[in-house]
Amino acid sequence: MKSIIQTEKIHYTYKSHGETGEEIKALSGVSIEVKKGEFVVVLGRNGSGKSTFARHLNALLTPQEGTVYINAANTRDEKMLWEIRRTAGMVF
């Protein structure tokens, strides 16, 4: 069966808003494959990277390393961003 979501070793780090501006590793080598008809739950503590991961799945964020595919479209391909965002929604 075809993958509808596939991530390959994605990494994402951001700077804290504090005075130190320290780097915070939100995602480190996250890989997942979701096929049509499957359900996935992402669980974790506050600040564990769940929302950051979800933002990668609808191309609101691009991984600093690794690759994200939504319906075989690479989220780094600017020509595909509208299609990816049209098919992948989020509710917070």
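The values are calculated or read from the model by the stated rules, or taken from the named source; none is laboratory data. Owing to the predicted nature of the structure, the values given are computational and were not obtained by experimental measurement. Quick reminder, even Gly has a Cβ in these numbers, built from the backbone with ideal geometry, and neighbours come from all protein chains shown.
Can you name the residue in region 1-29 that is among the polar types (S, T, N, Q) and closer than 15 Å to Leu61 by Cβ and is also surrounded by the most Cβ atoms within 10 Å (Cβ to Cβ) among such residues?
Thr7
Among the residues of region 32-44, are any within 11 Å of the chain's Cα centre (by Cα) and at pLDDT 95 or above? Within region 32-44 (the criterion being within 11 Å of the chain's Cα centre (by Cα) and at pLDDT 95 or above), the answer is yes, since at least one residue qualifies.
Mind listing whichever residues of region 44-92 are basic (Lys, Arg) and within 19 Å of Lys2 (Cβ to Cβ)?
Arg86
Residues of region 75-92 that are touching a Ser or Thr at 6+ places or on another chain (Cβ under 9 Å), surrounded by 15 or more Cβ atoms within 10 Å (Cβ to Cβ) and not hydrophobic (A, V, I, L, M, F, W, C): Thr75 alone. Residues that are among the acidic types (Asp, Glu), in contact with a Gly (Cβ under 8 Å, 6 or more places away or on another chain) and touching a residue at least 12 places away in the same chain (Cβ under 8 Å) number at least 1 in the following strands (runs of 3 or more DSSP E) confined to the chain: 3-15.
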